[in-house]
Amino acid sequence: MNVFAHVEERIKSALAALQARGELPADLAIGGIDVEPTRDPAHGDVASNVAMVLAKAARAKPREIADKLAAELRSEATFIKVAVAGPGFLNVTLAPSMWQGVVTSILKEGDAYGRSTLGRGEPINVEYVSANPTGPMHVGHCRGAVFGDALANLLAFAGYDVTREYYINDAGAQVDVLARSAYLRYREALGEDIGEIPEGLYPGDYLKPVGQGLAMAFGRSLLGKPEAEWLPDVRQVAIGDMLVQIREDLAALNIRHDVFFSERSLTNGNRDEVAVTIDELRAKGLVYEGRLEKPKGHDVDEWEDREQTLFKATEFGDDVDRALLKSDGSYTYFASDMAYHHNKLARGFKHLINVFGADHSGYIKRMKAAVAALSDGKADLDIKVCQLVRLLRAGEPVKMSKRAGTFVTLREVVDEVGRDPVRFMMLYRKNDATLDFDLAKVIEQSKDNAVFYVQYAHARAQSVFRNVRETFSDLDVMGVEVAAADVSMLTDPSELDLVKRLALFPRLVEGAAAAHEPHRLAFYLNDLAASFHSLWSRGNESPHLRFIQPSDRKVTTARLALMRSCAQVVTSGLGILGVHAPSEMR
RNA sequence: GCGCCCAUAGCUCAGCUGGAUAGAGCGUCGGCCUCCGGAGCCGAAGGUCAGAGGUUCGAAUCCUCUUGGGCGCGCCA
């Protein structure tokens, strides 16, 4: 049961009643109504702005409408107080049974509590990570990976049919560099002294095993041949090895993708999907041969003013038209990416989400333009940009240089601080704000650290479940006696405070899913844990508020029900974030 | 030069797509362990929401400008 939905429903039927009696215009457009928790308990439990929103269209004063609605709603049995306040807020105080009933429904729904039909089962494609397959994942990839994964979880929880996708950039010049670098390691594996790795090739040691693997597979057969003969084979092996490693890195973070989509596959088979896409755009009159102006204020060496094949991105809000072919006639990355999105649309996705790193933010407009053009405006693309992560250790920046091979890998970070803290901290911030990630602080188990704070709440609840067996040996915490507990015994303000927080969960899930903002969940869980810990401490001061009351089985059962529903929401919420809810912290 | 993102308490950040008196954590100061886990709880101090206009019943939130930071700027990916 969603209490906010319940109130909204009652308000709407009250409006209908007023319209039926002619007290409000019959053709009044009902929209934009908010039903939200009050910030101040003095305003009751739930507040709505109905009257203010409808005032103009109804040509009446907000307070007048609110008064009429209030009169109508006072007969509602689940409302114990309906008041009009301020500029025209409708403040509703609910009967305690409404709140207590939340506990019962959480236990009834179990891990389905909070799930939503917002997505109506519609397919949605979330593309994230998509790191170049030229090396192990480094910390820079970490945030986008965790964000995309949590967002995908959240959307699935909110009723979407989610496909998690990784775009493999295996067709450009970078993978050729990878192949050359691997070939060098191959020669090294066969005993040759390769000396310093030349400028422009990847120096990392991670390619040594690739070289050894090539030596095993090909023996000396690739030696002394021209590059054109060995490069495709070496490239394929190297990319394959890199992808294996990337999947392992992702698995360490509990991340998995449904589809790994190869850029090369767009042009590999009988059908050149890039050409098809460009033809389609040409048929729409969106492709032309032309010249671009040299960008101002930015040093572009060797600018060559030449005619090229361009996509009319400016017709869809981009700043300039974008090139589809390079000077050597091959496709630009953007052309391939358009074909890739054309492919997504062809697979039936009308909702697309791409997770980008901050360094790709300049790419947003052209990508949105591409999807708008390809789908004739019928599909939506949301691009979530994850800002940079500053890696610190005890306040000092960790120095990284990709050239010197001293960049910190994702695996190193996960191994050092653990999966749960990494995931939670990456999500405990808006995606478009920069993030300081301090390796020393993240493992401190204190309130500084929201992960442990939230997990601790769950562990404490589990601890009570263990302890209760000593008092009521025949009481099964997970059984029907608790599920059917008399929740009307939950009357203490701090108990109701926790219940109200639990009641917020479904509403929060919908808001976070609609906004594509999983971080809201992390903050919610922190607040929920605070309510829980507060209630717990009340028991330290007032023994009659402890969960286990040896002399009162009914009260104990009711409180166990509350604990169980809280543990359920913590588990569900952390689950969406991909964080484990432990039964003990020791 | 242009585009995008950011600016909220001493510090790190929320603020539920425009709601009522702007909230947490850390830090500072003061309290709470004979019993369900003190990795916790309770309280106090701390604000020109960068600045100036505008939109309206109502703005930290939306629009314009200014200031100060970050990222990016034909054929790289």
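Tabulated data
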quantity	calculated
Solvent accessible area, Å² - residue A:569, 1.4 Å probe, full protein context	0
Calculated FRET value between residue A:193 and residue A:346, using beta carbons and R₀ = 35 Å, to 0.05	0.10
Beta bridges per DSSP with both ends in chain A, % antiparallel, nearest 5	50
Nitroxide proxy distance, nm - points 7 Å out along Cα→Cβ at residue A:546 and residue A:33	4.8
Nitroxide proxy distance, nm - points 7 Å out along Cα→Cβ at residue A:432 and residue A:444	3.1
Of A:108/A:384; A:296/A:365; A:368/A:430, pairs whose Cα-Cα distance is over 29 Å	A:108/A:384
Computed lengthening from residue A:514 to residue A:225, 0.36 nm per intervening residue step minus Cα-Cα distance	98.4 nm
Inter-site label distance for residue A:378 and residue A:244 at 7 Å from Cα along Cβ, in nm	4.3
Helix A:173-189 axis, angle to chain A major axis (alpha carbon atoms, nearest 10°)	70
Sequence-distant lysines (8 or more away, or on other chains) whose Cα lies within less than 23 Å of residue A:61	A:12, A:81
Net length gained if the chain between residue A:57 and residue A:469 were fully extended (0.36 nm per residue, minus Cα distance)	142.2 nm
Percentage relative contact order, chain A, counting C-alpha pairs under 8 Å, at least six apart	15
For residue A:316, solvent-accessible area (1.4 Å; no DNA, RNA or ligand), Å²	70
Accessible surface of residue A:456 - all protein chains present, 1.4 Å probe, nearest 10 Å²	100
Range of Cα positions in the range A:53-151 per principal axis (Å), largest first	68, 39, 27
Two-decimal Rg/Rh across chain A, once Rg and the Kirkwood Rh are taken from alpha-carbon atoms	1.05
Centre separation in Å (Cα based) which lies between the range A:231-266 and the range A:1-42	52
Hits among lysines - C-alpha to C-alpha of residue A:225 under 25 Å, sequence gap 8 or more where chains match	A:208
Sites residue A:206 and residue A:270, calculated FRET efficiency, Cβ-Cβ separation with R0 25 Å, nearest 0.05	0.10
Amide N proximity, the range A:117-146 versus residue A:12 label position 7 Å along Cα-to-Cβ, cut-off under 19 Å	A:117-121
For the range A:451-561: rounded, prolate or oblate by the Cα gyration tensor [a/c cutoff 1.5]	prolate
Paramagnetic reach from residue A:288 in the range A:313-327 [backbone N under 20 Å; point 7 Å along Cα→Cβ]	A:313-326
Efficiency of FRET from Cβ geometry, residue A:75 and residue A:583, R₀ 51 Å, rounded to 0.05	0.65
Kirkwood Rh in Å, taken over all unlike Cα pairs in the range A:329-403	14.5
3J(HN,Hα) from dihedral phi, the range A:222-235, Karplus parametrisation 6.51/-1.76/1.60, rounded to Hz, x for glycine, proline	8, 5, x, 8, x, 3, 4, 7, 8, 4, x, 5, 4, 4
Rg/Rh (Cα only; Kirkwood hydrodynamic radius) as it applies to the range A:142-214	1.24
Stretchable slack from residue A:476 to residue A:302, in nm (0.36 nm times residue separation minus alpha-carbon distance)	55.0 nm
DSSP-assigned coil residues among chymotrypsin sites (Phe, Trp or Tyr not before Pro) in the range A:169-267, each with at most 10 further Cβ atoms within 10 Å	none
Value of [θ]222 nm, deg cm²/dmol, for chain A, DSSP H segments ≥ 4, -39500 (n - 2.57) each, nearest 500	-15500 deg cm²/dmol
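The values are calculated or read from the model by the stated rules, or taken from the named source; none is laboratory data. A quick note: this is a predicted structure, and the numbers were derived from the prediction, not measured. Cβ: placed from backbone, ideal geometry, glycine included. Neighbour counts: every protein chain shown. Heads up: the accessible areas ignore ligands, DNA and RNA and are worked out on the full protein's heavy atoms, side chains in. Shrake-Rupley method; radii C 1.70, N 1.55, O 1.52, S 1.80 Å.
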